[in-house]
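The values are calculated or read from the model by the stated rules, or taken from the named source; none is laboratory data. Everything numeric in this text was worked out from a predicted model, so none of it was measured. Here the Cβ is made from the backbone with ideal geometry for all residues, glycine too, and neighbour counts use every protein chain on show.
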Amino acid sequence: MSANARALGGVRVLDLATFIAAPFCCTLLGEFGAEVIKVEQPGIGDDLRRLGRRAGSGPAYMWLVESRNKKSITCNLRAPEGQALIKRLAIQTDILAENFRPGTMEGWHLGWEDLSTVNPALVMVRISAFGQTGPARARPGFGRIAAAVSGVSYLSGYPDRPPVTPGTPTIPDYLAGTMGALGALIAFQHRQRTGQGQVVDIALYEPMLRMLDELIPVYGAAGHIRERTGSGTEYVVPHNHYRARDGSWIAIACTNDRMFERLVTHAMGRAELQVEFASMAERMRRRDELDHLVGEWVATFDAPEALARLDAAEVPCSLVNSVRDLFVDPQMAARDNIVKVPHPLGGLLHMAGIVPKLSLTPGAVDHPGPLAVGEHNEEIYCGRLGLTSDDLSALRARGVV
């Protein structure tokens, strides 16, 4: 399916952001057919090209993945001529994303008031560490800071050890980018009805804060502060990771009496435990004892046998996968969760597949992130804005593009 035939075919997106959060918002839109123009710094390109491991002499793997399906142009946003070019592009743009500190775009004459003047129908996604308002709005921050601010880091780890950043420090960036894409599409739908554009304002920590289940209402009602519980879960037991005989780890999640009965009676063959630990309150009171019993049972089997017994009893479970496990998991393969695309330097590049899956207008990975900085300058500046080759050469000589 061509990009124009996908759900967002014909939608134009201008990506002024860097690193992960707002660029990921644009990546998601591009996977479903939007034309995404990535604006990079003249000469050196975007900082994401150099973040993390690199493929030989090429750009970082994160650049190749998170700039997939995008076109690359260069523009000096600090130069008045560069700002004028962005405004001209903004006239033809549906959604624009940025993630600078609040006030930076205004200092470049590219804030909401400036851009909405030239395109009142523009949807502007603004992702920053603390959002566009509030006393902390001017403070810098990345994913680790967002996890700490949201309360997620405080909950992560074991009670006798320091708090940890859950997963990787980039998870808040990806969640913020996902919320940014959702906000952009909601605002775009409003624009389709009214012709009015608007700002989508997201603080990097806010999506993490939104996903803290009962944490906030319980504290508000009872003053209860949830503390770290390691790999367990505060309000259900057994709901943990257990080590198998072969050293692998298995996740088991029993969130109600019915699942617990399946575990102890059908999988473990210990029906007496259903009576002894009849209620969730009792299971929580004797958390360590019950976790130990389940852990002892799991440890008598290699992971495949333990998982087979749990699956036969319909107990929610999984191997705790490493990335190596992901590559051989038949479920991942069946759903194209890992896809292979031609690497611009030769060979194949593995990357995460498209989420979500649409039955009629599925997304696709057309190509990895552009290899050359400003690879599409001529196509966009000359083909779209009508500049000549001489104009482009002069702008390049002055450091504008």
Residue 187 meets each of (1) in contact with a helix residue (DSSP H, G or I) (Cβ under 8 Å, 6 or more places away or on another chain); (2) within 30 Å of residue 116 (Cβ to Cβ); (3) among the aliphatic types (A, V, I, L, M) with one exception, condition (1)
So residue 33, is it modelled with pLDDT of 95 or more, part of a loop (DSSP other than H, G, I, E, B), assigned by TED's automatic domain parsing to the domain that holds residue 379 and under 24 Å from residue 344 (Cβ atoms):
yes
Residue list for the range 142-178, restricted to those being assigned to a helix (DSSP H, G or I), more than 21 Å from residue 216 (Cβ to Cβ) and hydroxyl-bearing (Ser, Thr, Tyr):
174
Selected residue (only one of 328, 400, 315, 320 is over 18 Å from residue 64 (Cα atoms) and touching a Phe, Trp or Tyr at 6+ places or on another chain (Cβ under 7 Å))
320
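Is it fair to say residue 125 is farther than 15 Å from residue 39 by Cβ, β-branched (Val, Ile, Thr) and not in a loop (DSSP other than H, G, I, E, B)? Please lay out each step first, then the result.
Working: farther than 15 Å from residue 39 by Cβ: no; β-branched (Val, Ile, Thr): yes; not in a loop (DSSP other than H, G, I, E, B): yes.
Taking the combined requirement at face value, the residue does not satisfy it.
One line per residue, one yes/no per condition, for (1) touching a residue at least 24 places away in the same chain (Cβ under 8 Å); (2) of a type in the set (Lys, Arg); (3) outside the structural domain of residue 108 (by TED's automatic domain parsing); (4) surrounded by 11 or more Cβ atoms within 10 Å (Cβ to Cβ):
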position	(1), (2), (3), (4)
338	no, no, no, yes
346	no, no, no, no
359	no, no, no, no
368	yes, no, no, yes
371	yes, no, no, yes
Conditions: (1) free of Cβ contacts under 8 Å to residues at least 40 places away in the same chain; (2) closer than 23 Å to residue 31 by Cβ. Residue 95 meets all but one. Number of the miss?
(1)
What are the pairs, 6+ residues apart or on separate chains, where a residue within the range 179-191 that is assigned to a helix (DSSP H, G or I) has its Cβ under 7 Å from a residue that is among the charged types (D, E, K, R)?
188/94
Boolean, residue 363 is at pLDDT 95 or above, surrounded by 14 or more Cβ atoms within 10 Å (Cβ to Cβ) and within 20 Å of the chain's Cα centre (by Cα)
yes
Give me a count of the residues in the range 160-181 that are farther than 30 Å from residue 11 by Cβ and touching a Gly at 6+ places or on another chain (Cβ under 7 Å).
3
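Mind telling me which of the residues 56, 131, 45 ends up being of a type outside the set (Val, Ile, Thr) and modelled with pLDDT under 95? Don't jump to the end; show me each part of the working.
Numbers: 131 fails: modelled with pLDDT under 95; 45 fails: modelled with pLDDT under 95.
Every option except 56 fails the conditions.
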Scanning the range 265-283 for residues that are under 37 Å from the mean Cα position of the chain (by Cα) and buried (at least 16 other Cβ atoms within 10 Å of the Cβ), which turns out farthest from residue 244 (Cα to Cα)?
280
Output yes when any residue across the range 24-32 is touching a residue at least 24 places away in the same chain (Cβ under 8 Å) and either of a type in the set (Asp, Glu) or surrounded by fewer than 22 Cβ atoms within 10 Å (Cβ to Cβ) (or both), and no when none is.
yes
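Residues are listed down the side, and each one gets a yes or a no for (1) over 30 Å from residue 174 (Cβ atoms); (2) outside the structural domain of residue 56 (by TED's automatic domain parsing); (3) part of a helix (DSSP H, G or I); (4) without any contact (Cβ under 8 Å) to a residue 24 or more places away in the chain:
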residue: 269; (1), (2), (3), (4): yes, yes, no, yes
residue: 275; (1), (2), (3), (4): yes, yes, yes, yes
residue: 283; (1), (2), (3), (4): yes, yes, yes, no
residue: 304; (1), (2), (3), (4): yes, yes, yes, yes
residue: 327; (1), (2), (3), (4): no, yes, yes, yes
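So that you can scan it fast, the table gives a plain yes or no per residue for (1) within 30 Å of residue 48 (Cβ to Cβ); (2) out of contact with any strand residue (DSSP E or B) (no Cβ under 6 Å at 6 or more places or on another chain):
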| site | (1), (2) |
| --- | --- |
| 290 | no, yes |
| 293 | no, yes |
| 312 | no, yes |
| 316 | no, no |
| 320 | yes, no |
| 326 | yes, yes |
| 336 | yes, yes |
| 357 | yes, yes |
| 366 | yes, yes |
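Could you check the range 64-110 and list, in sequence order, the residues that are of a type in the set (Val, Ile, Thr) and not in a loop (DSSP other than H, G, I, E, B)?
So the first thing to find is which residues in the range 64-110 are of a type in the set (Val, Ile, Thr), and the list is 65, 73-74, 86, 91, 93, 95, 104.
Across the range 64-110, the qualifying residues are 65, 73, 74, 86, 91, 95, 104.
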